[in-house]
Amino acid sequence: MSTQRVLVVDDEPKIRMTVRGYLEADGIHVTEAADGPSALQSVTRDRPDLVVLDVMLPGLDGFQVLRRIREASQIPVIMLTARDEEVDRLIGFTTGSDDYVTKPFSPRELALRVRAILRRTDSRPEAVHEDDMLRFDGLTVDPETRTVLVGTDRTVELSALDFDLLFAMARSPGRVFTRRGLLTHVWGEDFFGDERVVDVHIRTLRRALGDDANAPRFVGTVRTIGYRFVGRPA
């Protein structure tokens, strides 16, 4: 297995140095950027496997950088934010981040989250057969190309994690998934943190699919428990 690469973007050198130390101790190759434009250049040049991205950056803020990344890539992104308001988290997830960590944070915890996401992305099957394509009334999910088609002509752009979330549910239609169950299936067994992260990603997924939580065609809510895929097979 080749060495995994992580880009750490923060305008505080001490934070970059600390995070670098923990990640390099895990055998991860780390590059750094101190502002938004440099971060985008590094993503294009170095092609990292994951980005740790601070929200408050000079040049372009973290949300702007994330939107630019998502225009061309599904690379996993962990957002760092010094603000604990729910709006920051929601903005981050609606533009396609995979996780968030609020400052001040434990470098060890961040390193564990990085490893969990890298392990998840590494464990995706490389070979997928045509029969694995999932077809429903108004929705097609293709794991080989990792594309989603709504209707007959609208391709939906999803982050890597949101695609995995949809695929996990759609391959077991009708099955009720608890939040913890989805965390285990999608984020990995070693995920730790707030289970409500699932709710945020479900909202993002529904918005992308044009699904209505009150009258769902694809993702239904099981009150107090979790979610299930309710699409009808084509």
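The values are calculated or read from the model by the stated rules, or taken from the named source; none is laboratory data. Only a predicted model underlies this, so the values are computations on that prediction, with no experimental measurement involved. No Cβ is skipped: glycine too gets one built from the backbone with ideal geometry, and neighbour counts run over all protein chains shown. The area values use the complete protein model at the heavy-atom level, side chains included, leaving out ligands, DNA and RNA. Shrake-Rupley method; radii C 1.70, N 1.55, O 1.52, S 1.80 Å.
Taking the Cβ of LEU158 as the centre, find all other residues whose Cβ is under 11 Å away and add up their charges (Lys, Arg: +1; Asp, Glu: -1).
0
Simple spin-label estimate for THR152 and GLU12 gives 5.5 nm between the two label positions (7 Å along the Cα-to-Cβ direction from each Cα). A simple spin-label model places pseudo-atoms 7 Å from Cα toward Cβ; at ASP26 and ASP122 they are separated by 1.0 nm. Neighbours of ASP11 by Cβ distance under 14 Å: Lys/Arg scored +1, Asp/Glu scored -1, total -3.
Reducing region 1-80 and region 161-181 to their Cα centroids gives an inter-centroid distance of 28 Å.
Do any GluC sites (Glu not before Pro) in region 147-212 lie in a DSSP loop with no more than 12 other beta carbon atoms within 10 Å, and if so, which?
Values: sites: GLU157, GLU189, GLU195; in loops: GLU157, GLU189, GLU195.
Answer by residue number: GLU189.
For region 34-73, the spread of Cα coordinates along the three principal axes comes to 22, 18, 14 Å, biggest extent given first.
Ignoring ligands, DNA and RNA, what accessible area per residue does the chain give at 1.4 Å, in Å²? Let's see the in-between values first.
Details: 11760 Å² over 234 residues.
Using a 1.4 Å probe on heavy atoms only, each residue of the chain averages 50 Å².
Figure legend: label point modelled 7 angstrom from the Cα of ARG108 along Cα→Cβ; residues of region 157-197 with amide N under 19 Å from it are 190-194. For the chain, a Gaussian network of Cα nodes joined below 10 Å ranks ASP153, ASP122, ASP162 by mean-square fluctuation, and the top entry is ASP153.
If you plug the beta carbon distance of ARG207 and VAL230 into 1/(1 + (r/R0)^6) with R0 = 22 Å, you get a FRET efficiency near 0.85.
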